[in-house]
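No lab work stands behind these numbers, since they all come straight from the coordinates. These figures come from a predicted structure and were not determined experimentally. A quick note on method: Cβ atoms are made from the backbone with ideal geometry, for glycine too, and the neighbour counts reach across all protein chains shown.
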Amino acid sequence: MTTVTLHHNPRCSKSRATLALLEEKGIEPQIRLYLDEPLSEQEIRSLLSKLNVSPIDMMRTKEAEFKEQGLSKDSADETLIAAMVTTPKLIERPIAETDSAAAIGRPPENVLEILA
């Protein structure tokens, strides 16, 4: 059985729905409360690689902190990654991750693609 880690925010409805969907499928993911246990730069880079997306695609650009930090869709990747390290709230949620793949659970069904 593949180990699944869910980068989770229990206050987020999409994150809760993704957790429920995984559980319905008989998968008990390891829960990573990324707001309490922030991701390192290396972990963010690994997720980006598994997701096959650019940093901006893994960010919550509508959060006030995004604008407050002077970030934009044109910011350098290094700047965006550094912002996710220092401000985990900017990381899109939820993200389900296995050893070889990851998916953003928006919609929650997206995570099923990495379980096949």
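Bridge orientation summary for the chain: considering DSSP beta bridges with both residues in this region, about 70 percent are antiparallel.
Near LEU39, once Lys and Arg are set to +1 and Asp and Glu to -1 for all other residues with Cβ below 15 Å from its Cβ, the sum equals 0.
Based on every Cα atom in the chain, Rg and the maximum pairwise Cα distance Dmax equal 13.6, 43 Å.
From helices alone, the chain scores -9500 deg cm²/dmol at 222 nm; the rule is -39500 (n - 2.57) for each run of n ≥ 4 DSSP H residues, then divide by the residue total. Computed from the Cβ-Cβ distance with R0 of 22 Å, the FRET efficiency linking LYS67 to ARG11 stands at 0.55.
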